[in-house]
Amino acid sequence: YNYNYILLSPIFDSLTGKYQSGFHEEGIRAANLKSGKKIIARGGVDETKIEKIRDLGFYGFALYSTIWDKKDPLEQYLKVVRKLDSLGINYE
């Protein structure tokens, strides 16, 4: 199959409390290094996890509950953007 990236989930316990992560940091780092693929972290991701995601070697991250389950989705999105800016991380 030809694909541009892979979503891996749940990396962290979900924000909704429905899912628990079953991954260990050593395994995630090894998978990111050895796969040769662009792996996207999903599940339990919010602005407080961005540094950890970078440190684990992920190509990027996907957001769902952290934005769409909130009263003010735009403000939540802006929190993420501000965190990325403060860390000097480029985003698309």
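Numbers for the structure displayed
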| item | result |
| --- | --- |
| Fully extended contour minus Cα-Cα distance, from residue 51 to residue 19, at 0.36 nm per residue | 9.4 nm |
| Ratio of the Cα radius of gyration of region 39-92 to 2.2 N^0.38 Å, where N counts its residues | 1.06 |
| Within the chain, helix-based [θ] at 222 nm, where runs of 4 or more DSSP H residues each add -39,500 (n - 2.57), nearest 500 | -11000 deg cm²/dmol |
| Candidates per trypsin sites (Lys or Arg not before Pro) in region 1-58, loop by DSSP, up to 15 other Cβ within 10 Å | 18, 37, 38 |
| Radius of gyration, Dmax [the chain; alpha carbons; angstrom] | 13.3, 40 |
| Two-decimal Rg to Rh for region 1-47 - Kirkwood Rh, Cα set | 1.01 |
| Nearest 10 degrees, 0 to 90: helix 25-35 Cα axis against the chain principal axis | 60 degrees |
| Principal-axis tilt of helix 73-87 within the chain, Cα atoms, nearest 10 degrees | 60 degrees |
| Cβ-Cβ FRET estimate between residue 30 and residue 67, R0 fixed at 25 Å, reported to 0.05 | 0.25 |
| Region 26-92 - percent of accessible surface contributed by carbon and sulfur, probe 1.4 Å | 51 percent |
| Residue (of 7, 62, 84) at the positive-pole extreme of the chain, dipole from beta-carbon charges | 7 |
| Potential extension, residue 78-residue 7 segment - 0.36 nm per residue separation minus Cα distance | 23.3 nm |
| Nearest-20 debye value, the chain charge dipole, Cβ charges on Lys, Arg, Asp, Glu | 200 debye |
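The values are calculated or read from the model by the stated rules, or taken from the named source; none is laboratory data. Just so it is clear, the model here is predicted, and its values are computed rather than measured. So basically every Cβ, Gly included, is an ideal-geometry build from the backbone, and we count neighbours across all protein chains shown. Note: areas computed on protein heavy atoms with side chains; ligands, DNA, RNA excluded. Shrake-Rupley method; radii C 1.70, N 1.55, O 1.52, S 1.80 Å.
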